[in-house]
Structure formats: structure tokens, C-alpha cells
Amino acid sequence: MANSALPHPPRRTALAVTGLLVVVLLLAVSLVVTAVLSYRASRAAADAVLLSRAVEVAASLRAAARFSSAEDGDTLQTLIKELATEEIGLHVTRAGGRVVAGAGGPAPLQIGERVDRRVVRAIQADGQVQRVANGPRGEYLEYWQPVGGPPRPGRGWRWRSKRWPGFGPKLGPGPGFPRAGGRRPTLLRVTVDHSVADDVLAPARNTLAVSGTSAGVLLVLGLMLYAGARRARRMDQELQRRRALTALGEMAAVLAHEIRTPLGSIKGNAQLIGEAHPSDERAAAVVREAGRLERLVNGLLDYARPATPRRVPTNPDEVADRAAEIVLAKAGAAGVNLLTDPAQQGECLQADPDQLVQVLVNLLQNAVEASSDGQNVVLRVRRSRGQVSFAVLDSGEGLGDEDLEQLLRPFYSTKRAGTGLGLSVARQIVEQHGGRLRMERRPGGGVLAEATLPEKGGILP
């Protein structure tokens, strides 16, 4: 009952940490969304400021200038130079799009240059055009407006005025510039650099940067907390497992020591009785069962008092060959083909070769016992990314999910005469080398048992 209660505190801790991570993620997302919405609102306000400034400058020029293109071109150019700056540009074109005067602005036009006909057609359709464009210094607002007297009845262009939301009276043709040549209105282009609206956009940019940074920090902290909680949970589970196994090992060592002496006496006397009465099967049965108990006692002692690995430069291919030679006779008797696939990397592993042979012999014996006549058992050695792996593959019937989960635990065996300690001892040896032993089903049938060890050794925390 006490052992069954162990998983619950780590589970509650994991749920609490997961909930905290969700809260942190929601907070980070809300910060980013709020900052983005604030920036978009500020960008809209900045665009409105730019358009208002363009309309204001256009109105100022229209109020100050009454001219004709033939007689007052110099006067118009003088007025434009007085109003234009590096951030605000003014250009006047004829209805066909040819520039007749202009100065300043983020994207200046040359006198005599023709503008894009699409702009002229857009003004013809809408009465005014405003758009955001990119120039050498960044984004700027380009605002076009037709200016001049009413168009000639029945001929020429029919300008449609368009009300821009939030900017007072209708914009479009009106008093200010007379028609060029008495036929078509003149076109006025105002360009306003985005720096004019920096007072509106700068706080929004700062807020977006701070919110994004804060959200990133929260996200990193949340992930670090979650990873730390998972690592702590695994360490707690490993600690609980090792405590339980330590207690079990101590008890098993005491029992094994107490059983070993009388068991040897029982076995010896049974052998003497069997020699005196060869036809008595009961003596032979006692010897067999005593031998099984002896193997169990030896396994308990190996598990309870594991030897410290003696790490030396080791060739993993030689370890695999030694293990295969030991199991070869058993494989031949079962009609199983035992194959090795070496890595051919030389002495690339710091390990105890005798203990590794013990591990591989156990894995190979299990694979041979699970295989049928004519099937193959392969021992594959590989070296990759600072690790050496020994994989034993068989083509037997395989194991169920429950068997795979329990197989590495002490005293669990799928064999009738098994002690359930072979794989537990193998796992213990691999973990003492800083490695990991895993078992999984193969897609085509059979089981894969793989022991992976770091090249330079080490013990897991």
C-alpha cells in the first residue's frame, strides 16, 4: 500500500506545473496580442496624422497660389520651395502627369518627369488618391489631389469628390489652381515622410518591443520551469525506485547468504543419494530444484551487491564476439542462426568488458529462447554521436505491452523456469556505465533489446 501511494505526489506536482505553464503561456500571448493591437491602433492614428498634414499643406498651397502654368510657373515654384521640407514634398503636374514644379519630400520628382498613368486614372476615378509607398528613407504617405476650377461642361474630366472619414469638408476640385490651358485641372502631389508621425508611433513601437521581450522571457522561464519539473519528477521516481531496490537488495542478500549454506548441503546429499540409487528419480528432482534455487541465490547476490565497473579501453566488437561464442552452442542446439554485425571502430569504449559480456550473454540467451528453428538472432554493434550501442534482434513471437513494461523489473519473467533477475542485473550493469537498456517490439515481429553506453563512461545521476 505504501508503494502504491508513491506516484501520486509527483503526479499532482506535474499537474500543478502544467497549469502554471498554461497560465504563463496565456499571459505571454495576451501581452503580445495587446501590444499588436495597440501598435495597429497607433499605426492607424499615425496614418491619419500624415493624411491630415498632407491635406493641411495642400490647403495652404492652394490658399497662397493663384497662378497659370504659362505665366506664374516661377511664382509657383517659389511658393512650393517655401512650404516644402525634407519631410514634406510638394509637386504640381499637368492633367497628363507631367511635372511642372516641385521640391522637397522623401521621394522628389524631376521637372518634366511624367508620373505613372495609373495614378492619373485613379485620380480621375476617385477625385483623390492616398497611398503608403516606400522610398530611400523608408515609408512615406503620397497624397494626390486635383485642383482648379470646375471642368468644362460636356467635355474633359468629370471629377468626383470623395469624403475622407474624419477630415471635415469634401476634398477634390475646387478653387485654388485654375485649369491648365482652360481645359483640365492641375494635379497636386503631397508626400509626407513617416517620421512626421514618430511622436505617435514611437511609444507604440516601444510598447511592442517591451511586450515581445517580456513575452519571450515569460515563455523561456515557463519552459525552463516545466523542463525542471519534469526532470525533478524523473529524478524523484528514480530515487524512489533505487530506494526500493536497495531495500530489496539488502533483504535478498541476507536471505541468499542464509539460504546458500543449507542449500549446498541439500544439493550435495541429494547427489550422493542419486549416485547410490541411480533409479530413484526423486533424488534427481531434488538436485534439479536445488540447482534452480542455487541460480536464484546467485542472481540475488549479483543484484544485491553489484560489482563496480572496471573501466578500461574496450573494443565493442571483441565484447560481442566473446558473448556470441558463449551462446553459440545453445543457439546451435536450438537450430537458431547467430549472426554478428560489428562496428569496426577499434577500442572506442571505456567500460568493463567482462560485465558487458554478461549483459550481452543474457540478451542473446533470451533472444535464442524466443526464436524458432531456422530463425536468425543478430547482435549489431554501432558507434554514433559519442555513444556505442549493442542491439540484439530476434524474429520470435514478440511480447505484449504489459510484458515489455515489466520485463526489466526484478523477479518478472515470461519463462517458466526463469528467475526474473537476468535482465534486472543487465540493466543495473548498463546504468552503472552511464547507459540505458531498452526493449521494444520490432515491426516485422520479434523484440529489439538495445544497450546504449557513452564512449567515455559515466554514471547516471
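Key figures for this structure:
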| item | result |
| --- | --- |
| Inter-site label distance for Val217 and Ala333 at 7 Å from Cα along Cβ, in nm | 7.0 nm |
| Net charge of neighbours whose Cβ lies under 9 Å from the Cβ of Asp341, counting Lys and Arg as +1 and Asp and Glu as -1 | +2 |
| Charge sum, other residues only, whose C-beta stays under 13 Å from Ala197's C-beta, Lys/Arg counted +1 and Asp/Glu -1 | -3 |
| Spin-label model distance (nm) - Glu318 vs Arg131, 7 Å beyond Cα toward Cβ | 7.9 nm |
| Under 13 Å, Cβ to Cβ, from Pro108 - net charge with Lys/Arg +1 and Asp/Glu -1 | -2 |
| Estimated distance in nm for a label pair at Thr308 and Arg118, the labels positioned 7 Å out from Cα along Cα-to-Cβ | 8.0 nm |
| All aspartates and glutamates inside 18 Å of Lys267 as judged from Cα atoms, apart from same-chain residues fewer than 8 positions distant | Glu258, Glu275, Asp280, Glu281, Glu289, Glu294 |
| Length gained when the stretch Ser38-Leu272 is fully extended (0.36 nm per residue, less Cα-Cα span) | 74.7 nm |
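Read-outs: derived from the displayed coordinates by stated rules, not from any lab. Values in this document were obtained by computation on a predicted structure and should not be read as measured data. Glycine also receives a Cβ, built like all others from the backbone with ideal geometry; neighbour counts cover every protein chain displayed.
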